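Asker: Before I ask anything, here is the structure I am working with.
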Amino acid sequence: MSYLKNILIRIEKAAEILDLEPWLLDKLRGFKMCWSCNLEVKMNDGTLKQFRAVRIWHRSPHTDQPHKGGLRYHPEVNEEMMMGHAIEMSIKCWLNGLEWGGAKGGVAIDPSCYSDQVMKNVTEALVDEMDERNILGPFRDVPATDVGTTSKTMNQIRQRYAQRRRSREDARFAGVVTGKPVGYGFGGIPGRNEATGYGLVEVLKSVMAVKNMNRQKFNRVAIMGFGNVGSNAAKFLTQNGYQVMAVSDKNGGIYNPKGFNIDFLERLKTDSGIINIPNIEKSADKISNDELLKLEDIDILVPAALENVITQKNASLIKAKIILEGANGPTTPEADKMLQDNGILVIPDILANAGGVTVSFFEWARNVNIKDERVPKPEINEVLKAMSAILNETVIKTVEKSFYYRKTGQDCLPLRMAAYITAIEQVAPLFRSKHMA
Ligand code: NAD
């Protein structure tokens, strides 16, 4: 099933539980903009090559606020997949009280196959195309890092956008993207790089505390994907006393029954998020990504790579007791049901990995001079503390909702559905006020 269909199933289920008006369900299923084009990009030898670029805006009632969402460079980027991600991005923002509409997009390209110069050309071509259509800007659409893009990409976007707009008034250029580098003149905020991984651990701790779970029973972790989210999750899980038993990237994984030392793992990771597996053969076993999902001796599984990896084909083979979703959309609806039947707690993406977008909000608000009491001083501890306060509040609201909607004689609502409901309840009055006007 397509990723978009997975998300629509969840939206429709939430609407049914809430007995939502049909017109409002239609809005939640719809899009404000579906843009795509063939980017023309200059190669190292001077020839031009085309790559498909996509940007989607979900329907949002926040007409005075920008759309917000990641920019992905990956061969599988396509319109339908980005539509699903754009809806999820709205839900994540609304759940956490961030007044943005969701967006998502990217370029269908494998960055590991091209030079840094070609990737810069891709980014600049994308900015040119989007700016020509006026669909990029601090109050229109604010991309951020995602799979295959980094703070370097965000800096290139900001610089290109500033070059194009220099002559116009009141363009607060730095706010055109988040996840920028930190330092004089770059406009990034300390803590954005760590935010998603750090937030995952905060949400895990918070869910376990609110649900009164015994921390001692959940110790051993396996992480699929060792890029920004996966590697930071490994670092902060280790700092919190968890034992990382296995990690993987797109080339496969490694497993050590005694657990890995985080410094060792960090040394193995290259700039492109690849684990340098040949270097570790003596101290760990090689495993496939498929084997990582089904490991016997783990308590917590952290999918932190791509969507649709936990499906009806492998859900019944998962032995972990908790799934902490670092990636967006790693679990299909069919798998969700099977995991629930097997008593596995899924801490869903929109709840678990919202640290990144929360700190993006702090970065953007500072860049465009928005005054908001939630925005902390640009100091890493302050940023992570302010982010954790927002995430913890969301966990409490979501867990309460999961109890509230429990049917007589049944378990509480899964956290994913409780999170969808919390988000939709939060935004519905604003949609209704516009519908009536
Ligand atoms: P990244 O590019 O930094 O890292 C991606 C990692 O996944 C790499 O290690 C890569 O090798 C690995 N990978 C790719 N294909 C794989 C496969 N088929 N099997 C196993 N591993 C594979 O990306 P990221 O920013 O860490 O994002 C990872 C996930 O987290 C994505 O789903 C993204 O949407 C989500 N996310 C990211 C952020 C953020 O702040 N970066 C925030 C919220 C959610």
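The values are calculated or read from the model by the stated rules, or taken from the named source; none is laboratory data. Predicted, not measured: the structure shown is a model, and the values here were computed from it. Here the Cβ is made from the backbone with ideal geometry for all residues, glycine too, and neighbour counts use every protein chain on show. Calculation scope for accessible area: heavy atoms of the full protein, side chains included, ligands and nucleic acids excluded. Shrake-Rupley method; radii C 1.70, N 1.55, O 1.52, S 1.80 Å.
Asker: One residue is enough: does segment 265-273 have a residue meeting the conditions within 15 Å of the ligand (Cβ to nearest atom), modelled with pLDDT under 95, part of a helix (DSSP H, G or I) and open to solvent by less than 40 Å² (accessible area, probe 1.4 Å)?
Answerer: Among the residues of segment 265-273, at least one is within 15 Å of the ligand (Cβ to nearest atom), modelled with pLDDT under 95, part of a helix (DSSP H, G or I) and open to solvent by less than 40 Å² (accessible area, probe 1.4 Å), which makes the answer yes.
Asker: Another question, if that's okay. Determine which single condition Tyr198 fails, assuming it passes every other condition in (1) closer than 19 Å to Ala144 by Cβ; (2) among the hydroxyl-bearing types (Ser, Thr, Tyr); (3) not assigned by TED's automatic domain parsing to the domain that holds Phe236.
Answerer: Every listed condition holds for Tyr198 apart from (3).
Asker: Moving on to the next point. How do the helices (runs of 4 or more DSSP H) wholly within segment 337-437 filter down when requiring 3 or more residues that are surrounded by fewer than 23 Cβ atoms within 10 Å (Cβ to Cβ): which remain?
Answerer: 355-367, 380-404, 415-436
Asker: Give me a count of the residues in segment 20-38 that are of a type in the set (Asp, Glu) and touching a helix residue (DSSP H, G or I) at 6+ places or on another chain (Cβ under 9 Å).
Answerer: Within segment 20-38, residues that are of a type in the set (Asp, Glu) and touching a helix residue (DSSP H, G or I) at 6+ places or on another chain (Cβ under 9 Å) number 1.
Asker: Inspect all residues belonging to segment 48-61 and state whether any of them is without any contact (Cβ under 8 Å) to a residue 12 or more places away in the chain and open to solvent by 10 Å² or more (accessible area, probe 1.4 Å).
Answerer: Within segment 48-61 (the criterion being without any contact (Cβ under 8 Å) to a residue 12 or more places away in the chain and open to solvent by 10 Å² or more (accessible area, probe 1.4 Å)), the answer is yes, since at least one residue qualifies.
Asker: Still on this structure, I have one more. Anything in segment 250-259 that is in contact (Cβ under 8 Å) with a residue 12 or more places away in the chain and surrounded by fewer than 24 Cβ atoms within 10 Å (Cβ to Cβ)? List them, or say none.
Answerer: Selection gives Lys250, Asn251, Gly252, Ile254, Tyr255, Asn256, Pro257, Gly259.
Asker: Still on this structure, I have one more. May I ask you to say which residue of Gly46, Gly69 is in the same structural domain as Gly179 (by TED's automatic domain parsing), over 19 Å from Ser2 (Cα atoms) and touching a Pro at 6+ places or on another chain (Cβ under 8 Å)?
Answerer: Gly69
Asker: Output the residues belonging to segment 176-200 that are more than 14 Å from the ligand (Cβ to nearest atom), among the hydrophobic types (A, V, I, L, M, F, W, C) and in contact with a helix residue (DSSP H, G or I) (Cβ under 6 Å, 6 or more places away or on another chain).
Answerer: Val176
Asker: Check Gln65, Gln50 and return the single one that is of a type in the set (S, T, N, Q) and within 22 Å of Thr358 (Cβ to Cβ).
Answerer: Gln65
Asker: Return the total of residues in segment 98-121 being open to solvent by less than 20 Å² (accessible area, probe 1.4 Å) and in contact with a Ser or Thr (Cβ under 9 Å, 6 or more places away or on another chain).
Answerer: The number of residues fulfilling the criteria is 8.
Asker: Sticking with this one: Give just the number: which of (1) open to solvent by 30 Å² or more (accessible area, probe 1.4 Å); (2) within 10 Å of the ligand (Cβ to nearest atom) does Gly329 not satisfy?
Answerer: Of the numbered conditions (1) open to solvent by 30 Å² or more (accessible area, probe 1.4 Å); (2) within 10 Å of the ligand (Cβ to nearest atom), the odd one out for Gly329 is (1).
Asker: Phe218 passes all but one of (1) in contact (Cβ under 8 Å) with a residue 40 or more places away in the chain; (2) within 16 Å of the ligand (Cβ to nearest atom); (3) open to solvent by 10 Å² or more (accessible area, probe 1.4 Å); which number fails?
Answerer: (2)
Asker: List the pairs whose first member sits in segment 181-196 and is modelled with pLDDT of 95 or more, whose second member is open to solvent by 40 Å² or more (accessible area, probe 1.4 Å) and not in a loop (DSSP other than H, G, I, E, B), and whose Cβ atoms are under 6 Å apart, counting only residues at least 6 apart or on separate chains?
Answerer: These pairs meet every condition: Pro181/Ser151; Pro190/Ile380; Gly191/Ile380.
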